[in-house]
Amino acid sequence: MPDQVLKNTFHIDVEPKVVLDHLTTPENYIGLSPIVVAVKDVDTSTPGVIRYVSIERFQFFKVIKWDNPIAVELFNDDSAVWGDVKSPGGVRMAYRFDLSAEGTRTRVDDVLNLSAPSLLMGFAASEARKVQMARARILVERLTGTV
């Protein structure tokens, strides 16, 4: 199965703790990822691990909608948030947000490790990149109140 790594670095004018708190709350991914429309079955029973189901909505030809439930595991420490996504069709993604203070700002290094069957890789990588770039913009807007 082919693999692809997608990277994006951006800055937010808030301290890392604010970013960390936002990224460790599953409900905050609704709209943060433009294709995530719902979160359900949040499980925090295991210390240090948050498990939940994220509903991704895809639209084809502006008419056909597909709601794709994906199992998510979210982990964090004081300077990073990371996790794994298992989606139907054999698409897998490991993601990591490394957070570092730069003065009063936070540098966010967003890395996605994507694997998918050959027939799906182009579509999966294209969608993942769109989401990654939008997520940076939306996160900055949410946390700083700027547009």
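The values are calculated or read from the model by the stated rules, or taken from the named source; none is laboratory data. Since this is a predicted model, take the numbers as computed values, not measurements. Methodologically, a virtual Cβ is constructed for each residue, glycine included, from the backbone with ideal geometry; neighbour enumeration extends over all protein chains shown.
Could you please give the count of residues in the stretch 88-108 that are over 13 Å from the mean Cα position of the chain (by Cα) and assigned to a strand (DSSP E or B)? The total comes to 8. One residue is enough: does the stretch 92-107 have a residue meeting the conditions at pLDDT below 90, farther than 23 Å from Arg137 by Cβ and not small (Gly, Ala, Ser)? Yes, the stretch 92-107 has at least one match. Could you grab me the full set of residues in the stretch 84-99 that are among the hydroxyl-bearing types (Ser, Thr, Tyr), surrounded by 19 or more Cβ atoms within 10 Å (Cβ to Cβ) and touching a residue at least 24 places away in the same chain (Cβ under 8 Å)? None; the set is empty.
For the stretch 10-25, the set of residues classified as assigned to a helix (DSSP H, G or I) and of a type outside the set (D, E, K, R) consists of Pro16, Val18, Val19, Leu20, His22, Leu23, listed by residue number.
Scanning the stretch 42-97 for residues that are more than 21 Å from Met121 (Cα to Cα) and hydrophobic (A, V, I, L, M, F, W, C) yields Val42, Val49, Ile50, Val53, Val63, Leu74, Phe75, Ala80, Val81, Trp82, Phe97. For Val72, the test of being under 20 Å from Asn113 (Cα atoms), β-branched (Val, Ile, Thr) and assigned to a strand (DSSP E or B) is passed. Taken over the stretch 26-58, the criterion of being assigned to a loop (DSSP other than H, G, I, E, B) and over 19 Å from Ala134 (Cα atoms) is satisfied by Thr44, Ser45, Thr46, Pro47, Gly48. Number of residues in the stretch 100-141 that are surrounded by fewer than 15 Cβ atoms within 10 Å (Cβ to Cβ), closer than 27 Å to Trp66 by Cβ and in contact with an Asp or Glu (Cβ under 6 Å, 6 or more places away or on another chain) equals 0. Looking at Asn8, is it over 15 Å from Ala124 (Cβ atoms), polar (S, T, N, Q), touching a residue at least 12 places away in the same chain (Cβ under 8 Å) and surrounded by 18 or more Cβ atoms within 10 Å (Cβ to Cβ)? No: the conditions fail for Asn8.
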